[in-house]
Amino acid sequence: MNRIIAAMLAASPLLCAPAGAASVTLAGLADSEHGLSYGLDARFSPADSWSLGAGVGRSESSVSGADFAGTSLRLSTDLNLGPFFANAAAQRWKDSGQFKSTTLLGELGWMAESGLSVSALLDDRSMTVDYTMTVQGQPRDAHIDFDGQGFGADISWFGDDWNLGARFIDYSYGRSVDRVRAAIDSANTGRFPRPQLLLDSIVTRAAGAPDRQFAATLGRQFSRSSLQGDWTMERDALTHARIDSLSLTLGYELGAKLRLDTTAGFSDGGAGGTTAFGGLALTLRNQAPAND
């Protein structure tokens, strides 16, 4: 679960939308540990089987004395060719003077007429950490790169009224983990932004460095509304701390072109302990849903 899930749910009808379909989503998310994020996402379908998306956002959090404040840029594209589909997404999150995180996600899959969908996932994550160290009594600026690749799979089923799915990604960071740990533990290291705490906050989790992810979802569609439950598990690559999140999203069609999604849930684990979170997403479309 992250701060753009509600926006993704709201924009999902555009994946196979007619050419010219578009939407704009304004979303916000907050948690009980003073975390706050908000963003604007737009999506456009230049062809019946192709859609493009772009978004900007801002997130701020404070976990165990570590303050984060960053801006994000997002790009995505989806392509459907008969039963086959391919998705690609990129996000860059840059903190104020501490580090930047870049995530590249690719998906290639196949969907049967029964609604069963199977896909392979590739996730490339890189992070540049800026910190200070003391050399001969003088503070000096330094930086370290932290990067890894994740491989996984997704299996889902989409019925007329129900949908369910599960996905798993396993990451490998090689010697990047050892380099970051050595910098953190060094007696010469001064200010260090503690990137291992990014996963502890729901609003910065998309910019973190997990070494394992698992997510399961179950949803029910109604005539003008939907209800979806999500469980996610992530484990931090630096500390191996496990963080579990449960959430429930209620979506409702406010009119022919306007939709509201409301999310509530809690996250447990890591340095932050148990935190509650909630979010809203408002989506404006230029076309009414197919069942209207």
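The values are calculated or read from the model by the stated rules, or taken from the named source; none is laboratory data. All values reported here derive from a predicted model rather than from experimental measurement. Positions of Cβ are backbone-derived with ideal geometry, glycine not excepted, and every protein chain shown enters the neighbour counts.
For segment 166-180, state whether one or more residues are of a type in the set (Val, Ile, Thr), buried (at least 18 other Cβ atoms within 10 Å of the Cβ), in contact (Cβ under 8 Å) with a residue 60 or more places away in the chain and part of a strand (DSSP E or B). No, that holds for no residue. For segment 265-282, filtered to residues that are within 17 Å of the chain's Cα centre (by Cα) and over 10 Å from Asp31 (Cβ atoms), the residue that is surrounded by the fewest Cβ atoms within 10 Å (Cβ to Cβ) is Leu280.
Among the residues of segment 137-146, which ones are outside any strand (DSSP E or B) and either in contact (Cβ under 8 Å) with a residue 60 or more places away in the chain or of a type in the set (Asp, Glu) (or both)? If you could, list the steps in order and put the result at the bottom.
Filtering segment 137-146 for residues outside any strand (DSSP E or B) gives 137.
Residues satisfying the conditions do not exist here.
So which of Arg259, Arg220 ends up being crowded, with 20+ Cβ neighbours inside 10 Å, more than 23 Å from Thr71 (Cα to Cα) and either more than 15 Å from the chain's Cα centre (by Cα) or aliphatic (A, V, I, L, M) (or both)? Break it down stepwise before answering.
Values: Arg220 fails: crowded, with 20+ Cβ neighbours inside 10 Å.
Answer to the check: Arg259.
For segment 108-154, the set of residues classified as within 27 Å of Asp95 (Cβ to Cβ), touching a Gly at 6+ places or on another chain (Cβ under 7 Å) and of a type in the set (S, T, N, Q) consists of Thr132, Thr134, listed by residue number.
Would you call Ser59 polar (S, T, N, Q) and under 17 Å from Ile202 (Cα atoms)? Spell out how you get there, then give the answer.
Values: polar (S, T, N, Q): yes; under 17 Å from Ile202 (Cα atoms): yes.
Yes.
Screening the candidates Ala216, Ala206, Ala256 for the property of being within 30 Å of Asp48 (Cα to Cα) and in a helix (DSSP H, G or I) yields one hit, Ala206.
Scanning segment 31-88 for residues that are out of contact with any Lys or Arg (no Cβ under 7 Å at 6 or more places or on another chain), of a type in the set (A, V, I, L, M) and closer than 14 Å to Leu197 by Cβ yields Val63, Ala69.
Taken over segment 94-121, the criterion of being over 20 Å from Arg43 (Cβ atoms) and within 17 Å of the chain's Cα centre (by Cα) is satisfied by Lys94, Asp95, Lys100, Ser101, Thr102, Leu121. Does Phe68 qualify as being aromatic (Phe, Trp, Tyr) and at pLDDT below 95? For Phe68, the condition - aromatic (Phe, Trp, Tyr) and at pLDDT below 95 - is met.
This table checks each residue for (1) free of Cβ contacts under 8 Å to residues at least 60 places away in the same chain; (2) closer than 20 Å to Asn163 by Cα.
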| residue | (1), (2) |
| --- | --- |
| Ile202 | no, no |
| Arg205 | no, no |
| Leu218 | yes, yes |
| Glu253 | yes, yes |
| Leu260 | yes, yes |
| Ala264 | yes, yes |
| Asp268 | yes, no |
| Thr275 | no, no |
| Asn286 | no, no |
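Taken over segment 94-123, residues that are out of contact with any Leu (no Cβ under 8 Å at 6 or more places or on another chain) and either touching a residue at least 60 places away in the same chain (Cβ under 8 Å) or surrounded by 18 or more Cβ atoms within 10 Å (Cβ to Cβ) (or both) amount to 7.
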